[in-house]
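Here is the structure we will look at.
No lab work stands behind these numbers, since they all come straight from the coordinates. Source: prediction; values computed, not measured. Cβ: placed from backbone, ideal geometry, glycine included. Neighbour counts: every protein chain shown.
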Amino acid sequence: MALNADWARRDTTIRETFITAEHQFNGDWSAKLSAMRQRYDFDYMQLRLNGPVDPATGSFGEPRAYSEEDGNHSDGVDLSVSGRFRAWNLEHKLVAGIDSRSSDGKQMRNVFEVAFPTGEVSVDDFPGLVLPAPTNPRLDYGWPAFGSKQEGIYARLDLQTTDKMHVILGGRYGSYKHRDIMEEYDENGNVTSRDTSWHWRDNDIFTSYAAATYELTTHWTTYASFTEAYKPQDTYAGPPENPTKLDPITGRNHELGAKGSVLDGALNVSVALYHIERNDEAVQDTRYGENSRFYLPLGKIVSKGLDLEARVSLRQAGRSLPAIPTIATKTKGTTWPIARSRPGISSSSGPITTCLAPIHSGPSVAV
């Protein structure tokens, strides 16, 4: 049973466009362009019943109507050059590129006229509740644009030091900026106030990455990796009369592991020891009250443990079925919301990224 009125609605529009183009210069070098645009817009009007249900009478509070126009617009472009070359009688690989990503949200709240009868609404009024539809909707206030933009350059160099060993070095240098625009409107839709003070920009952001891999056998590889992380914070420190933005969260990820296969590839196994730190996490500053909007960069998160993973392929095991992975994982230690990845043994040639996401979710893009 839907506790709603027949005029309630929600309209959603999603538009996605993407393009990928690649040019092969020769057998060793190529260039790749990837671009995407996403437009997600929705607006809704809904009946809002105030307060919990009275268990004695089955009644809510008085009915109200609520409406917003929201959405998110995202754009991204990445241009890279990748290739391989020989030096010291060994083959090496290089990926370098530039990228730009932006995401702007929108949240606009409407006001309108209603002619609802006075009094409470009961559960027994549903379904079939008849209420006149709101009229004369107009903008009240909202945020026409709030979001961020990241731009940078990156490189990843895979050096073959011996027939069995690789040393991988990489990094990203870029900038991050955030803006937040808030507006209020009169009954004619004209802007009566506009606040653009909530904005900042971080420049000269550099995150590095280093790893080494060693091929023990044709089926087993060991690796060690080090990754730096950087994440801006949109919180402020007091005092209220002169607030300052908190420094970004910084972190490091150390990992030592091995990956291989047994039973002619039917079982893939990986094991890893990891230690991850995040520094300067925002902690609420209660000197300004229980519901303080100000923070201190005092938080520190440490995640460490042992990660085991086994993946079974039915096809490799001799069954006439598609390969269906079965994953079993076990993690010992403190499990904090920080991601780990194993780029030291990855075949990915994409941009260097840092990871601050849930464990086992795979790498995520941050600045």
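For the range 218-275, which semi-axes, largest first and in whole Å, follow from the square roots of 5 times the eigenvalues of its Cα gyration tensor? Don't jump to the answer; show the numbers that get you there.
Values: eigenvalues 403, 21, 10 Å².
So the equivalent ellipsoid measures 45, 10, 7 Å along its semi-axes.
Projected area of the range 1-141, taken from the Cα convex hull and averaged over every viewing direction, in nm²? Walk me through the numbers before you get to the answer.
Numbers: hull surface 59.5 nm².
Average projection, Cα convex hull of the range 1-141: 14.9 nm².
Only counting other Cβ atoms within 10 Å, I'd like Ile98, Ile181 sorted with the fewest neighbours first. Present the calculation step by step, with values, prior to reporting the outcome.
Working: Ile98 15, Ile181 18.
Fewest to most other Cβ atoms nearby, the residues stand as Ile98, Ile181.
Please arrange Glu91, Glu241, Glu281 by counting, for each residue, the other beta carbons lying within 10 Å of its beta carbon, fewest first. Before the final figure, lay out the partial values.
Working: Glu91 13, Glu241 5, Glu281 18.
With the sparsest Cβ surroundings first, the list reads Glu241, Glu91, Glu281.
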message: Please compute one quarter of the surface area of the Cα convex hull for the range 81-233 and express it in square nanometres.
response: 18.5 nm²
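What is the local net charge at Gly170, summed over the other residues whose Cβ is closer than 12 Å to its Cβ (Lys, Arg +1; Asp, Glu -1)? List each step's numbers first, then the result.
Details: positive: Lys93, Arg156, Arg172; negative: Asp158, Glu228.
Summing Lys/Arg as +1 and Asp/Glu as -1 gives +1.
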- prompt: Say the cut-off is 27 Å between C-alpha atoms; which of Lys93/Lys177; Lys93/Lys149; Lys164/Lys231; Lys106/Lys149; Lys259/Lys304; Lys32/Lys106 go over it?
  reply: Lys93/Lys177; Lys93/Lys149; Lys164/Lys231; Lys32/Lys106
field: Calculated over the range 136-204: convex hull of Cα atoms, volume per residue (Å³)
entry: 107 Å³
query: Could you give the distance between the Cα centres of the range 220-244 and the range 1-59, to the whole Å?
result: 29 Å
query: Under the Karplus relation 6.51 cos²θ - 1.76 cosθ + 1.60, θ = phi - 60°, what is the ordered set of whole-Hz ³J(HN,Hα) values for the range 148-154, x standing for Gly and Pro?
result: 9, 9, 10, 9, x, 10, 8
